[in-house]
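Colleague: Structure incoming, see below.
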Amino acid sequence: MKQRLSFIVMTAISVALLMASCSAPATSSALPPTGAASGPSALSVAVASTDFGVGSPRVPFVLFQGTDPITNARSIDIIAFDLGSGTPVPGWKGSATNFSDYNVPYWVVFPQLPHAGYWGLGAVVTLADGSQSQAQFTIQTLDTPSAPKIGDSPPASHNRTLKTEPDIAKLTSDANPEPGLYRMTVADALKSGKPTVVTFATPAYCTSRLCAPVVNSVKTVYADLKDKVNFIHIEVYKTFNPLVYADEMTEWRLQGEPWTFVIGADGKIVATLGGPISPRELEQALQPLLGL
């Protein structure tokens, strides 16, 4: 019954998409809400983060044609549908932004989702050759997400550093670590009067191409902005054999990884970036804090 309801909901979204964009052929008229493809060459969407709050959450996603990521889509227009009751009705509309400077190119959209619940997001995709196709996916928004949110003061963590643990191999699973990411505690960074980037990720133990390169992105931006911004990488695991979650994962109420937080000089969070983060997107999040 639940699968049948999902099929009806997604079909209703597809019909609304056709009405909103008559030039788009219905190549995937009823994709399951998980974003899984309904055929070997169907266009589908993989949502790359979780723990979305109400308002305008950052929703990163990757396009797939069958099992292969689509890297050359020209544009993606999104329509949001409230799935709380009855037949979905189109609401917020907007365009997604592409970030191709990442291992797997991804897109980000900030839909306006005013209350908690399940939302359908219909995508009209313009491909490189000018043709259009469709895909649908769902997310859940929460009144109070678990992770710290924009405007919060983050925990003043006393994370391990090279001062307290000189063996960098115990601080990170990164095969090529940047020592500059392990010299400062969050507590000290919050008192420094400078913006701060805090990233929770596990380079070696992440099994997805979407999350493994996050620390590489942070290292890239660190090389350019290390004199203006504090950069801190907190490894998800405090021991690797066996794998045991770091205390800071609980302190920050993180239910998964990766997460990157951009914190202003005043100690307030200005950006929460779950999932993939490219150098360009991270730099864009820092620019307002640096007057750029």
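The values are calculated or read from the model by the stated rules, or taken from the named source; none is laboratory data. The structure presented is a predicted model; accordingly, all values stated were derived computationally and were not measured. Because the Cβ atoms are built from the backbone with ideal geometry, glycine has one as well, and the counts that use them run over all protein chains shown.
Colleague: Restricting to segment 148-173, name every residue that is in a loop (DSSP other than H, G, I, E, B) and exposed (fewer than 15 other Cβ atoms within 10 Å of the Cβ).
Modeller: Listed by number, the residues that qualify are G151, D152, S153, A156, H158, K163, T164, E165, P166, D167.
Okay, residues lined up against (1) at pLDDT 95 or above; (2) assigned to a strand (DSSP E or B):
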position: P57; (1), (2): yes, no
position: I76; (1), (2): yes, yes
position: T87; (1), (2): no, no
position: G94; (1), (2): yes, yes
position: W107; (1), (2): yes, yes
position: W119; (1), (2): yes, yes
position: I139; (1), (2): yes, yes
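Colleague: Kindly state which strands (runs of 3 or more DSSP E) lie completely within segment 201-280 and contain at least 1 residues that are crowded, with 20+ Cβ neighbours inside 10 Å.
Modeller: Because the criterion is at least 1 residues that are crowded, with 20+ Cβ neighbours inside 10 Å, the strands (runs of 3 or more DSSP E) in segment 201-280 that meet it are 230-235, 259-263, 269-274.
Colleague: Here's a check for you: in segment 85-113, which residue that is buried (at least 19 other Cβ atoms within 10 Å of the Cβ) and among the hydroxyl-bearing types (S, T, Y) is farthest from the chain's Cα centre (by Cα)?
Modeller: If we take residues in segment 85-113 being buried (at least 19 other Cβ atoms within 10 Å of the Cβ) and among the hydroxyl-bearing types (S, T, Y), then Y102 is farthest from the chain's Cα centre (by Cα).
Colleague: K191 versus (1) of a type outside the set (V, I, T); (2) closer than 23 Å to S100 by Cα; (3) more than 24 Å from the chain's Cα centre (by Cα): which is the lone unmet condition?
Modeller: Failed condition: (2).
Colleague: Of all residues in segment 85-99 being of a type outside the set (K, R) and in contact (Cβ under 8 Å) with a residue 60 or more places away in the chain, which is farthest from Q284 (Cα to Cα)?
Modeller: Among those that are of a type outside the set (K, R) and in contact (Cβ under 8 Å) with a residue 60 or more places away in the chain, it is T87.
Colleague: Can you pull out the residues in segment 50-72 that are among the hydrophobic types (A, V, I, L, M, F, W, C) and under 30 Å from D129 (Cβ atoms)?
Modeller: V59, F61, V62, L63, F64, I70
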